1. Taking amide H atoms as placed 1.01 Å from N in the peptide plane, list the residues 5 or more away in sequence, or in a different chain, whose amide H sits under 5 Å from that of Leu75.
2. Placing unit charges on C-beta atoms (Lys and Arg positive, Asp and Glu negative, everything else neutral), compute the dipole magnitude of the chain about its Cα centre in debye, rounded to 20.
3. Can you check what the net charge comes to around Ala70, using other residues whose Cβ is under 11 Å from the Cβ of Ala70 (Lys, Arg +1; Asp, Glu -1)?
4. Can you give me the pair-distance distribution of segment 6-160, C-alpha pairs, 5 Å bins, whole percents?
5. Please give the peptides 60-66, 49-55, 133-139 ranked by average Cβ packing (other Cβ atoms within 10 Å per residue), highest first, as a rough proxy for protection.
6. Using a 10 angstrom cutoff on alpha carbons, build the Gaussian network for the chain and name the most mobile of Leu22, Leu129, Leu75.
7. Arrange the residues Val13, Val124 by how much accessible surface each exposes, largest first, with a 1.4 angstrom probe.
8. Report Cys94's accessible area, 1.4 Å probe, all protein chains in place, as a number in Å² to the nearest 10.
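The values are calculated or read from the model by the stated rules, or taken from the named source; none is laboratory data. What you are looking at is a predicted structure, and each value in this text was computed from that prediction instead of being measured. Glycine gets a Cβ as well: all are built from the backbone with ideal geometry, and neighbour counts include every protein chain shown. Side chains included, ligands, DNA and RNA excluded: accessible areas come from the protein's heavy atoms. Shrake-Rupley method; radii C 1.70, N 1.55, O 1.52, S 1.80 Å.
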Amino acid sequence: MSSLNITIRSAQVQDVEAIYDLMLPFMQDKTLIERNQDDIFEHLQEFIVSLKDDEIVGVSALHIYDSNLAEIRSLVVSPKAQRMSIGHKLVKACEEVGTQLGVTRMFALTYVDKFFLEQGYEIVAKESLPQKVWTVCVHCPKFSHCDEIAVVKSLEELSMA
Ligand SMILES: CC(C)(COP(=O)(O)OP(=O)(O)OC[C@H]1O[C@@H](n2cnc3c(N)ncnc32)[C@H](O)[C@@H]1OP(=O)(O)O)[C@@H](O)C(=O)NCCC(=O)NCCS
């Protein structure tokens with residue numbers, strides 16, 4: 001599949017509405033944790049977007065907890081642009097930013113473990129993640145019966161490459 005028209009870049013303030021619109025259906029079906037536009041503005045430096053023919057069709061965010069842990073959050077690709085490697089590109093972009101910033105380990109909480117496993121992530125017990133990871137999750141209606149899968153990848157090999 002051609003990726004000639006696909007670009008990846010940091011999000012800008014004028015992207016916020018499109019980011020929100022892209023995430024909305026996946027927040028409504030509980031695939032993604034709820035975020036409003038104010039929250040996206042406040043964390044805009046964490047966001048990476050993907051454009052296809054100048055339209056935002058993908059988004060991801062990298063949230064850093066400490067030197068040893070960062071989370072890939074709010075990852076979504078528009079249904080009309082899925083299966084074109086955009087999701088892989090967004091994960092790679094998050095890993096590159098994490099590596100540049102000196103973070104050594106990435107994780108995600110996901111329902112699409114296959115997507116992450118094929119990118120070098122491993123499934124771990126959710127309980128192995130530190131307590132502070134769950135501060136956002138307490139606002140999730142599924143908090144008491146979370147069925148997401150925790151996946152983790154070491155970035156140390158990337159930083160030595
Ligand atoms: C998961 C998601 C980001 C993948 O984006 P994408 O651009 O379609 O992914 P890519 O094209 O880079 O990779 C495709 C590969 O990933 C895997 N994959 C993608 N979506 C998958 C899914 N829903 N279930 C299982 N595997 C999936 C498959 O191996 C697929 O390869 P295939 O097409 O040969 O089967 C996208 O499906 C999405 O936005 N889903 C809804 C929101 C979501 O679940 N976000 C993840 C939160 S952590």
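1. Here the answer is Ala61, since their amide H atoms fall under 5 Å of that of Leu75.
2. Values: 15 positive and 24 negative charges, 65 e Å.
Roughly 320 debye for the chain.
3. Numbers: positive: Arg73, Arg105, Lys153; negative: Glu46, Asp66, Glu71, Glu95.
The answer is -1.
4. So the P(r) values, bin by bin, are 2, 9, 19, 23, 23, 16, 7, 1, 0.
5. Details: 60-66: 18.9, 49-55: 16.3, 133-139: 12.3.
Per-residue mean Cβ counts within 10 Å order the peptides as 60-66, 49-55, 133-139.
6. The residue that fluctuates most here is Leu129.
7. On the way: Val13 90, Val124 45 Å².
My answer, sorted largest first, is Val13, Val124.
8. Roughly 0 Å² of Cys94 is accessible to a 1.4 Å probe.
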